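Quick notes on the structure that follows.
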Amino acid sequence: MKLQQLRYIWEVAQHQLNVSATADSLYTSQPGVSKQIRLLEDELGVPIFARNGKHLTEVTAAGKAIIELACEILDKVKDIKHIAQEHRNNKIGSLSIATTHTQARYALPAVVKEFMRRYPGINLNMHQGTPVQIAEMASRGVVDMAIATEAMELFENLVMLPCYEWNRCILVQENHPLTAQVPLTLQQVAAYPIITYVFGFTGRSRLDQAFAENYLHPQVVLTAVDADVIKTYVRLGLGVGIVARMAYDPIADQDLVPLDASHLFGSSVTKVGLRRDMFIRSFIYDFIELFAPHLTRPVVDQAVSLRERREIEEMFKDFKLPLH
């Protein structure tokens, strides 16, 4: 059994059993991948993949268990390399982050700038996607960490570290009738067409929950993953926007009026998600602390050591999170 063979079966599973696509991603040949998979199956005495002719059709029951263990082994190999690199030079390496547009655009720029000043030898890669996509990337070890508000609770092997609270605002054009409503109510907001985030993005579930609890059915006329797109259509007069408060720029958006909505929807919490069993390099600790100063190395280590999610929630229960 070779590590190369474990890598091949794992990658084939990630490429929807497409051996050709797997070979391209690994810069090798399709016959070579197929041969190594066959050799591994012959050695183990069980098929990992079911076949129809030359095509792989599904992962067998034994294959699912084998691929899951292969993933764990490959992760440990990666950790061994990281440990060695940490002891050779702790300022050289790579950091991969998966996050949403809102975090990448509004919350992370200053942190990334300072991190790159401190660690010019670190290659930083940022991936954007839906909350489910980025949490899955962290869960599978494709990235070192995920930063998001939604979906990370879906993956049991992720430790979620609370970073900061944030609220929403209602964006309207100048002289809009809502600017005269103090205090603003959900009923008043629901009377107008709404432009907001796609479901699953940037705390959208909290927004939907608030309307549902008040038996309101707002007309959502347009959704987007990008707050800048939402603002564009508010400017066109297509509706009122509901965005994260941090997405409003007093200079760039001075033609729009932000109305406080913190009392309407409550706050949401953005979290960093780390795989429970990963080796955390020193510069990863530093990045997390730059992003959330209360998440010092001892705090992160304590949270990662806890086995139950409720224990982690209890640990952070009395933390006073900063408000963005």
### Message
I need the full set of residues from region 293-324 which are assigned to a loop (DSSP other than H, G, I, E, B), under 28 Å from residue 245 (Cβ atoms) and without any contact (Cβ under 8 Å) to a residue 40 or more places away in the chain, in order please.
### Response
293, 294, 296, 317, 318, 320
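State which residue is nearest to residue 96 (Cα to Cα) when the search covers only region 287-311 and only residues that are aliphatic (A, V, I, L, M) and surrounded by 19 or more Cβ atoms within 10 Å (Cβ to Cβ). Steps first, please.
As a first pass, look at region 287-311 and keep what is aliphatic (A, V, I, L, M): 288, 290, 292, 295, 299-300, 303-304, 306.
Filter once more, so that each one left must be surrounded by 19 or more Cβ atoms within 10 Å (Cβ to Cβ): 288, 292, 295, 300, 303.
Values: 288: 13, 292: 17, 295: 19, 300: 18, 303: 21 Å.
Restricting to residues being aliphatic (A, V, I, L, M) and surrounded by 19 or more Cβ atoms within 10 Å (Cβ to Cβ), the top hit is 288.
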### Task
Output the number of the condition that residue 284 fails; it satisfies all remaining conditions of (1) open to solvent by less than 40 Å² (accessible area, probe 1.4 Å); (2) part of a strand (DSSP E or B).
(2)
### Task
Looking at (1) within 23 Å of residue 7 (Cβ to Cβ); (2) outside any strand (DSSP E or B); (3) out of contact with any Gly (no Cβ under 9 Å at 6 or more places or on another chain); (4) at pLDDT 90 or above, find the lone condition where residue 138 falls short.
(3)
### Summary
Scanning region 192-228 for residues that are surrounded by 15 or more Cβ atoms within 10 Å (Cβ to Cβ) and of a type in the set (A, V, I, L, M, F, W, C) gives 194, 195, 201, 207, 210, 211, 220, 222, 224, 225, 227
### Message
Only one of 234, 221 is touching a Gly at 6+ places or on another chain (Cβ under 6 Å), farther than 22 Å from residue 132 by Cα and assigned to a helix (DSSP H, G or I). Can you tell me which?
### Response
234
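Let's see how each residue does on (1) at pLDDT below 90; (2) in contact with an Asp or Glu (Cβ under 9 Å, 6 or more places away or on another chain); (3) within 25 Å of residue 319 (Cβ to Cβ); (4) not acidic (Asp, Glu):
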residue: 163; (1), (2), (3), (4): no, no, yes, yes
residue: 182; (1), (2), (3), (4): yes, no, no, yes
residue: 189; (1), (2), (3), (4): no, no, no, yes
residue: 199; (1), (2), (3), (4): yes, yes, no, yes
residue: 223; (1), (2), (3), (4): no, no, no, yes
residue: 242; (1), (2), (3), (4): no, no, no, yes
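Does residue 22 satisfy the condition of being over 30 Å from residue 246 (Cα atoms), part of a helix (DSSP H, G or I), within 29 Å of the chain's Cα centre (by Cα) and in contact (Cβ under 8 Å) with a residue 12 or more places away in the chain? Before the answer, list the steps.
On the way: over 30 Å from residue 246 (Cα atoms): yes; part of a helix (DSSP H, G or I): yes; within 29 Å of the chain's Cα centre (by Cα): yes; in contact (Cβ under 8 Å) with a residue 12 or more places away in the chain: yes.
Yes; evaluated as a whole, the condition is true for this residue.
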### Which numbered condition residue 259 fails, given (1) open to solvent by 20 Å² or more (accessible area, probe 1.4 Å); (2) part of a helix (DSSP H, G or I); (3) at pLDDT 95 or above
(2)
## Note on the structure
Going through region 230-244 in order, the residues found to be surrounded by 16 or more Cβ atoms within 10 Å (Cβ to Cβ) and over 18 Å from residue 265 (Cβ atoms) are 231, 233
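Across region 76-98, which residue is least open to solvent (accessible area, probe 1.4 Å) among those that are β-branched (Val, Ile, Thr) and in a helix (DSSP H, G or I)?
Let us first name the residues in region 76-98 that are β-branched (Val, Ile, Thr), namely 77, 80, 83, 92, 97.
Next, from what is left, pick out any that are in a helix (DSSP H, G or I): 77, 80, 83.
Working: 77: 38, 80: 112, 83: 69 Å².
The residue in question is 77.
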### Task
Check region 130-145 and report whether any residue there is under 23 Å from residue 245 (Cα atoms) and small (Gly, Ala, Ser).
no
### Task
Determine the pairs where a residue that is without any contact (Cβ under 8 Å) to a residue 60 or more places away in the chain and in a helix (DSSP H, G or I), located within region 99-127, has a partner that is surrounded by fewer than 17 Cβ atoms within 10 Å (Cβ to Cβ) and among the aliphatic types (A, V, I, L, M) with Cβ atoms under 7 Å apart, the partner being 6 or more residues away or on another chain.
104/126; 112/124; 116/124
### Message
Of the conditions (1) over 30 Å from residue 274 (Cβ atoms); (2) modelled with pLDDT under 90, residue 86 satisfies every one except a single condition; which number is it?
### Response
(1)
## Note on the structure
Of those in region 45-70 that are surrounded by fewer than 17 Cβ atoms within 10 Å (Cβ to Cβ) and in contact (Cβ under 8 Å) with a residue 40 or more places away in the chain, the residue farthest from residue 141 (Cα to Cα) is 57
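The values are calculated or read from the model by the stated rules, or taken from the named source; none is laboratory data. Quick caveat, the model's predicted, so the values are computed rather than measured. Here the Cβ is made from the backbone with ideal geometry for all residues, glycine too, and neighbour counts use every protein chain on show. Note: areas computed on protein heavy atoms with side chains; ligands, DNA, RNA excluded. Shrake-Rupley method; radii C 1.70, N 1.55, O 1.52, S 1.80 Å.
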